[in-house]
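Working notes, beginning with the structure itself.
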Amino acid sequence: MAVVREFTLPDLGEGLTEATIVHWMVEVGEVVAIDQPVVEVETAKAMVEVPCPYGGVVTARFGEEGAEVPVGAPLVTVAVGAVPDDLAGAGADTGPDAGAGAEGGTPDAGGASGAPADGAADAGSGNVLVGYGTSAAAARRRRIRPGPGAGPVAGVPRPPGGVADGSAGSGAAEETPGVSEAVAAGATAVGATGITATAGDSGADGSAGAGAMEDDSRTVAVISPLVRRMARENGLDLRELTGSGRDGLILRTDVECAIRARQERETAGATGAGTTVGADGMAGAGVTGVSRAGTATAVGAGTGAAAGEERIPLKGMLGAAAEKFSRSRREIPEATCWVEADATELLAARRAMNVPDAPKVSLLAVLARICTAALARFPALNSTVDTEAQEIVRLPAVHLGFAAQTDRGLVVPVVRDAHARTVEELSAEIARLTERARAGGLSLAELTHGTFTLNNYGVFGVDGSTPIINHPEAAMLGIGRIAAKPWVHEGELAVRQVVQLSLTFDHRVCDGGTAGGFLRFVADCVEQPALLLRTL
């Protein structure tokens, strides 16, 4: 008898709470091996192929391509034991004792972490991604049943009602025609494209679980303990919210919108302002008040909005970047200094490095090497500020980020341990990361935990910039275009290759003297690359 396992969207790290399905890599009825990627998703930081920790036959998929899926929502169900070991992948349990210990011979589905239920004997992968794996047992949960679109699977009998979940014991929940009935029965109804969880399950914080019924018996479609905690801490009644997720699922953004709407109403009430905003370019006449927290404010046809205007949601990478920029400006007291330098000798040194049959060295790699040498002399700029502890944390290693423009927007890949790499190694790693960035294949590890950023905005044909610091770092070095300009060289006016260098820094970690010393050292190395030999 096959055992049906549910695999949910795992915690992808860095505080991400949802992802968008980009491409399904398996079909219903297809055999998958343990740790085989089943879906490609896009987070606010990267494109990620998500491997399934179970081997067997796919019995159902949840969510269409383009749908946003919160962490903990189901992705696929897999019938473990429905195929031979050599097809399901090493470690998949196909023996007769699979799922032993489950009531009525029907094992509970894995919990939100994707781990098998108590008593399940099937062995799977380890912690393939942050927050899930099959190496440890999870708490017993209610059975999960594939949606109506799932076909029969070898070794998995279809019980009355057409639900193929391998349930045969008397404890199996009967199929119910609607969500409300499923909630009332205490079962969990899982469709082919969404999920409505039920009363009886508990969130990670001890609050009522997803879809739990409140005092007036109204179903609340929530699956995230974080959402419930945010609502509770801010005194919001989830029954008054209308979810923007699939099937009315209440997301974190819905709670945040409700909090902002309430604050705006309180502010307007305190100042005597009405709910209708004047036609001053912000929102014209016809704007209705917020009738229910969490719902979108309706804008009438008579607003001051221009005809044909385009609205672009701040979601995904765009939203993550906007939040990071805003947070940087809110929290970091930044300052910028800049200097012009003669880069003629630097370009000559790079040409000398690129001899035939030798690894090519990029100009960005040479500048990266100068950066690491400068940070060794001025370590205060390779630090971060712990605002809670009110401490400056100087970091032992340089993980150098560099700005890269892609079709999906601006990303900052990170060269790990840049301080320990040669110019050739830096060039090779920068080239590799740039290629992966343009292909949308960077992993979270390649996009996070940078300690200093190098921003070559000269590729856009501009001389200078005052960039926003990549929070929570303490500084960013900007490189303008290198252009031929008149320059006094050795006492005479000459045409030289000149570049503008700028340093934006967190004034909490150092003063202008340290920042100026760092920038002057960089400029000196640009003008006389041989100075780098002193740092080796």
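Taken together, the values in this text are just the output of simple stated rules run on the coordinates, not laboratory data. Nothing here was measured: the structure is a model prediction, and the numbers come from that model. We place every Cβ from the backbone using ideal geometry, glycine too, and count neighbours over all the protein chains shown.
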Per residue of the range 516-521, what does 6.51 cos²θ - 1.76 cosθ + 1.60 with θ = phi - 60° give for ³J(HN,Hα)? Whole Hz please, x for Gly and Pro, Karplus curve as stated.
x, x, 4, 5, 5, 5
Mean 1/r over all different Cα pairs, inverted: what Kirkwood radius does the range 468-520 give, in Å?
13.1
Simple spin-label estimate for Ala268/Ala358, 7 Å along Cα→Cβ, in nm, reads 6.8
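When N is the residue count of the range 345-443, what does its C-alpha Rg come to as a fraction of 2.2 N^0.38 Å?
Numbers: Rg = 15.6 Å, N = 99, 2.2 N^0.38 = 12.6 Å.
Cα-based Rg divided by the globular estimate yields 1.24.
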Take the range 444-485, drop everything but the C-alpha atoms, weight them equally and run the Debye formula without solvent; then report log10 I(q)/I(0) at 0.31, 0.33 Å⁻¹ to two decimals.
-1.04, -1.11
Taking Cα centroids, how far is the range 384-433 from the range 1-70 in Å?
29
Mind ranking 449-455, 71-77, 4-10, 466-472 by how tightly packed they are, going by the mean number of other C-beta atoms within 10 angstrom, highest first?
4-10, 71-77, 449-455, 466-472
What does the convex hull of the Cα atoms of the range 314-395 come to per residue, in Å³, rounded to a whole number?
184
Take Val339 and Gln405, extend 7 Å from each Cα along the Cα→Cβ direction, and tell me the distance between the two endpoints in nm.
2.8
If you wrap a convex hull around the alpha carbons of the range 302-357, what volume per residue comes out, as a whole number of Å³?
307
